[in-house]
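Okay, so here's the structure we're looking at.
The values are calculated or read from the model by the stated rules, or taken from the named source; none is laboratory data. This one's a predicted model, so the numbers in the text were calculated from it and none came from an experiment. In this analysis, Cβ positions are derived from the backbone assuming ideal geometry, glycine residues included, and neighbour counts consider all displayed protein chains. These accessible areas exclude ligands, DNA and RNA; they are computed on the full protein's heavy atoms, side chains included. Shrake-Rupley method; radii C 1.70, N 1.55, O 1.52, S 1.80 Å.
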Amino acid sequence: HVVEPRPDDHLSWHRKQDHGLEAALDVTLIEQCAPAIEQSQPVHLRLGIRNVNRTVGTLLGHEVTKKHGGAGLPADTIVIDFDGSAGNSFGAFLPHGITLRLHGDANDYVGKGLSGGRIVVRPPEGSHADLIAAENIIAGNVILYGATRGELFLNGKVGERFCVRNSGATAVVEGVGDHACEYMTGGRVVVLGSTGRNFGAGMSGGIAYVYDHDGQFATRVNYEMVAFEALDSTDIEFLKSSIERHQSETGSARAGEMLQDWDNVLGSFKKVMPKDYKRVLEAIKRAEAEGRNVDEAVMEASQ
C-alpha cells in the first residue's frame, strides 16, 4: 500500500532544523580546550554539570578526532572534572586523550560508543560519612553501549544492560542489574559486587570477572554461549591491577578492602568466558606457536 504525500508534506530539505547545539556545554569545553585541540597542550578544567547537559564530551571529542584522527591525543591531554548530575550519554564516543571525571551521578548511556577515552564516576566530594558507595546507584542503564576501546571506572552500582555490545573497552563497577554483558563481543568487565539475572546473554567475546560474594552468581548466568573458566596467572594480574586502578581513580572503599584481603577475596571471583571466543583464542595461540597463518586458524576455529 503506497501512501501519497499530503500537499503540505516535503520530500526534501525545506526548513532549517535547530537542535540548540550553540547552548551545549561542549561549546564551552571546546573553547577552553583549544590549546589541547590545536597544539596538544595539556588542559585541566573543573566545571559544574546538570542533567539537562546531555552527550557532554561528544562535540569536544569530535573536534579532537577531526584534528588528530582516530589515534586521538596522548593520554590525559584533556582532563575535565565535573560536579553534579550528568544527563544521558555522558562521554559518548569519547576518543583517546580525554579523561572525564564526574563527582556526582549520571543518567543512562554513560560512555556510549566510547572510543579510547577514560570516564570516572564517583560520589560527590563531601558525601555523607555513612554513604556506602558500593550499595548505591551511581549511573543508569545501557552503559558502554557499543564501546570499542577505552576505560570506565564506576564507584557504585548501575542499572540494566551494562556493557551491552561492548567490543573493546575495559570497565570496573561495583554492582550491575539484569542482562549485563549482553551481546558483548570484546573488552573486559570487572564486577565487584552483585549482578542481576541473565548475565552474559548472547555474549560472544570478551571476558567478565565477577565477585561472587554470596555464592549465587551461578544462578544468574545465561549459559547458552558462556561458561566459567579457571583464573590463570594473566587473569589474576589483570584483575588485581584493574582493582588497584579503580581504587586509585575512584577512592573505592570496596576495592580497598578487597586489596587488603586479596588472597581470600581472589577465590570468590568467577571468570565468564564465551565458549567460541575461547576456542578462537586457543587457535590463535597454537597458530603462533606453530608459525601458521593466524587468520586461517581463526577461520577454521570459527566454523
Distant alpha-carbon pairs in the stretch 125-244 (separation over 23 angstrom), percent: 24
Rounded to the nearest 500, what is the 222 nm mean residue ellipticity of the chain from helices alone, with -39500 (n - 2.57) per DSSP H run of 4+ residues and division by all residues? -8000 deg cm²/dmol
Have a look at Gly186, Phe162, Gly175 and report the one farthest towards the positive end of the charge dipole of the stretch 146-195, computed about the Cα centre with Cβ charges (Lys/Arg +1, Asp/Glu -1). Gly186
Take the alpha carbon atoms of the stretch 58-114, find their center, do the same for the stretch 212-242, and report the distance between the two centers in whole angstrom. 29
With N set to the number of residues, divide the alpha-carbon radius of gyration of the stretch 41-81 by 2.2 N^0.38 Å and report two decimals. 1.27
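Treating only the Cβ atoms of Lys and Arg (+1) and Asp and Glu (-1) as charged, compute the dipole magnitude of the chain about its Cα centre; round to the nearest 20 debye.
340
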Can you give me the three principal axis dimensions of the stretch 235-286 from its C-alpha atoms, in Å, biggest first? 39, 23, 16
Counting only the heavy atoms of the protein chains, how much of Val27 is accessible to a 1.4 Å probe, in Å² to the nearest 10? 50
How much of the accessible area of the stretch 216-269, in percent, comes from carbon and sulfur atoms when a 1.4 Å probe is used? 43
Tell me the chymotrypsin sites (Phe, Trp or Tyr not before Pro) within the stretch 192-238 that lie in a loop according to DSSP and have at most 14 other beta-carbon atoms within 10 Å. Tyr223
Tell me, what is the per residue accessible area of the chain in Å², probe radius 1.4 Å? 51
Please report the equivalent ellipsoid semi-axes of the stretch 102-146, computed as sqrt(5 x eigenvalue) of the Cα gyration tensor, largest first, in whole Å. 23, 11, 7
Carbon/sulfur fraction of accessible area - the stretch 84-190, other protein chains in place, 1.4 Å, %: 44
Number of Lys pairs in the chain with C-alpha atoms less than 20 angstrom apart, excluding same-chain neighbours closer than eight positions? 10
Report, to the nearest whole %, how much of the accessible area of the stretch 1-80 belongs to carbon and sulfur atoms, 1.4 Å probe, protein only. 52
Output needed for the stretch 1-154: three equivalent-ellipsoid semi-axes, defined as square roots of 5 times the C-alpha gyration tensor eigenvalues, in descending order, whole Å. 31, 22, 15
The stretch 200-303: radius of gyration and largest Cα-Cα distance (Dmax), Å: 16.4, 47
Counting other Cβ atoms within 10 Å of each Cβ, which GluC sites (Glu not before Pro) in the stretch 61-168 have at most 13 and sit in a DSSP loop? Glu125
